[in-house]
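The values are calculated or read from the model by the stated rules, or taken from the named source; none is laboratory data. On a predicted model such as this, the values are computed, not experimentally measured, just so you know. Neighbour counts are summed over all protein chains in view; Cβ atoms, including those assigned to glycine, are modelled from backbone coordinates with ideal geometry.
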Amino acid sequence: MYSWLGEIIAEDIPELTWQQIRVAALADPLKAKAFGITQTNVDEMIQERSQLLKFVLPAFRQFCQTNLRANFEEMLEVLWDLWLPLGMKLAAHRHSLNRPLIQGILGVQGTGKTTMCQVLSLILQQLGYRTLSWSLDDLYKTYSDRLILLQQDPRLIWRGPPGTHDLDLGLNVLEQIRQGETSVTVPRFDKSLHTGAGDRTTPEIMTNIDILLFEGWFVGVRPIDPMFFDLAPPPIITDADKAFARDINRQLSNYLPLWEQLDSLILLYPTDYRSSLEWRKQAEQQMVTAGKSGMSDSEIEDFVNYFWRSLHPELFLKPMLRSPSVADLVIEISPDRTFGAIYSL
């Protein structure tokens, strides 16, 4: 743990410690730039972050105890290094817009989208902003509609890929939030219904939304040139695999009106996309240990490979690192699930 974090919490920061904090804030130029920290404003930014830390700390401590199987001191470092400055960045963006902010968060399975949204909501609440966390999963078509869809295309054996969502519903919700509607009916999806097939459930009525955190495994992803599927990486191997990948790629075009509603997009980028398979296995093992039902390793591999065949991370995420018009902020995720480089595009 940074030794000076305790001093910040105790509100006893000697000048020597303040110098250490200042040096740490500017040590990584790319991260400092991403969070708007400069030689000129560093003292002001540290002071603001320090005050925010003290306000957020009780709720964050409770969150860690309830939701995270992680060392609190380690999570405190992540709170200081990433979540607090990111929350401040989103709050500043919301303030500059003078209307609700629609923030996209893109990350494949296991990159921590849900945790990030929960922590950012705690921080933004302390900053006075009413925040809604909403997932692309909440836009799945109803169970009955997906049964019809499966008859039309037997390859869609699982919900998730482009084509399994109600886009008109999603666009309607995003437009209402963007326009500042006082009350918005937010659809929700329960994955446990119909023996795990899932179905639409009771919607949530939200009022006076300031910031929407809209997350999903392909939020903001755009179609690519079909020629890239000619030499696609595994598990896109057979002609049938390539045909499926091309068809899903075409479906992505229908999602562009949704992505156009985003004001900004954060990309949680795994430095090795194959880590998501191991992360999923770990999650399933934890469920089994807790006495819940979970998939076997072979079932997990089939499940993850299905999603890689539909939208392969190597094909769809890498190009986004070279396109500042798509993602604004990149947060790299290492195989051990720690955060790596953080930079703006």
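Within the range 294-307, restricting attention to residues that are farther than 11 Å from Gln109 by Cβ and under 21 Å from the mean Cα position of the chain (by Cα), which residue is surrounded by the fewest Cβ atoms within 10 Å (Cβ to Cβ)?
Narrowing the range 294-307 to residues farther than 11 Å from Gln109 by Cβ: 294-299, 301-302, 305-306.
Of the ones still in play, those that are also under 21 Å from the mean Cα position of the chain (by Cα) are 305-306.
On the way: Asn305: 15, Tyr306: 17.
Step by step, filter the range 294-307, then rank; the result is Asn305.
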Taking first residues from the range 12-29 that are more than 15 Å from Gln47 (Cβ to Cβ) and small (Gly, Ala, Ser) and second residues anywhere that are at pLDDT below 90 and surrounded by 14 or more Cβ atoms within 10 Å (Cβ to Cβ), the pairs with Cβ under 6 Å that are 6 or more apart or on different chains are none
Counting only helices (runs of 4 or more DSSP H) entirely within the range 103-193, those with at least 2 residues that are closer than 28 Å to Trp83 by Cβ are 113-126, 167-178
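Report whether or not Val108 is surrounded by 14 or more Cβ atoms within 10 Å (Cβ to Cβ) and in contact with a Phe, Trp or Tyr (Cβ under 6 Å, 6 or more places away or on another chain). Reasoning before the result, please.
On the way: surrounded by 14 or more Cβ atoms within 10 Å (Cβ to Cβ): yes; in contact with a Phe, Trp or Tyr (Cβ under 6 Å, 6 or more places away or on another chain): yes.
It is true that Val108 is surrounded by 14 or more Cβ atoms within 10 Å (Cβ to Cβ) and in contact with a Phe, Trp or Tyr (Cβ under 6 Å, 6 or more places away or on another chain).
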Taking first residues from the range 183-197 that are more than 16 Å from Ser133 (Cβ to Cβ) and loosely packed, with under 12 Cβ neighbours inside 10 Å and second residues anywhere that are polar (S, T, N, Q) and at pLDDT 90 or above, the pairs with Cβ under 6 Å that are 6 or more apart or on different chains are Ser183/Thr207
Taking the range 320-332 and keeping only residues that are touching a Phe, Trp or Tyr at 6+ places or on another chain (Cβ under 9 Å) and closer than 27 Å to Ile237 by Cα, one is left with Met320, Leu321
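Go through Leu76, Leu90, Leu101 for me and flag whichever is of a type in the set (A, V, I, L, M), in contact (Cβ under 8 Å) with a residue 60 or more places away in the chain and in contact with a Lys or Arg (Cβ under 7 Å, 6 or more places away or on another chain).
Details: Leu76 fails: in contact with a Lys or Arg (Cβ under 7 Å, 6 or more places away or on another chain); Leu90 fails: in contact with a Lys or Arg (Cβ under 7 Å, 6 or more places away or on another chain).
None of the others qualify; the one that does is Leu101.
Looking for something closer than 23 Å to Leu262 by Cβ, part of a loop (DSSP other than H, G, I, E, B) and among the β-branched types (Val, Ile, Thr) - is there at least one such residue anywhere in the range 230-237? Full working, then the answer.
Quick first cut of the range 230-237, residues closer than 23 Å to Leu262 by Cβ only: none.
Scanning the range 230-237 turns up no residue that is closer than 23 Å to Leu262 by Cβ, part of a loop (DSSP other than H, G, I, E, B) and among the β-branched types (Val, Ile, Thr).
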When every residue in the range 265-293 that is among the small types (Gly, Ala, Ser) and buried (at least 18 other Cβ atoms within 10 Å of the Cβ) is compared, the one modelled with the lowest pLDDT is Ser276
The residue that is nearest to Val221 (Cα to Cα), considering only those in the range 154-182 that are over 24 Å from the mean Cα position of the chain (by Cα) and surrounded by fewer than 14 Cβ atoms within 10 Å (Cβ to Cβ), is Ile157
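State yes or no: is Leu84 within 27 Å of Trp217 (Cα to Cα), touching a Phe, Trp or Tyr at 6+ places or on another chain (Cβ under 8 Å) and in a helix (DSSP H, G or I)? Break it down stepwise before answering.
Values: within 27 Å of Trp217 (Cα to Cα): yes; touching a Phe, Trp or Tyr at 6+ places or on another chain (Cβ under 8 Å): no; in a helix (DSSP H, G or I): yes.
No.
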Selection from the range 1-46 of residues surrounded by 15 or more Cβ atoms within 10 Å (Cβ to Cβ), out of contact with any helix residue (DSSP H, G or I) (no Cβ under 6 Å at 6 or more places or on another chain) and closer than 15 Å to Lys89 by Cα yields Lys31, Ala34, Met45
When every residue in the range 6-51 that is among the charged types (D, E, K, R) and either part of a loop (DSSP other than H, G, I, E, B) or in contact with a Cys (Cβ under 7 Å, 6 or more places away or on another chain) (or both) is compared, the one nearest to Tyr343 (Cα to Cα) is Asp28
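Can you confirm whether the range 98-111 contains a residue that is of a type in the set (Ser, Thr, Tyr), modelled with pLDDT under 95 and closer than 18 Å to Thr338 by Cα? Can you show your working first?
So the first thing to find is which residues in the range 98-111 are of a type in the set (Ser, Thr, Tyr), and the list is 111.
This time we only want the ones that are modelled with pLDDT under 95, so: 111.
When the remaining residues are screened for being closer than 18 Å to Thr338 by Cα, the result is 111.
Scanning the range 98-111 turns up at least one residue that is of a type in the set (Ser, Thr, Tyr), modelled with pLDDT under 95 and closer than 18 Å to Thr338 by Cα.
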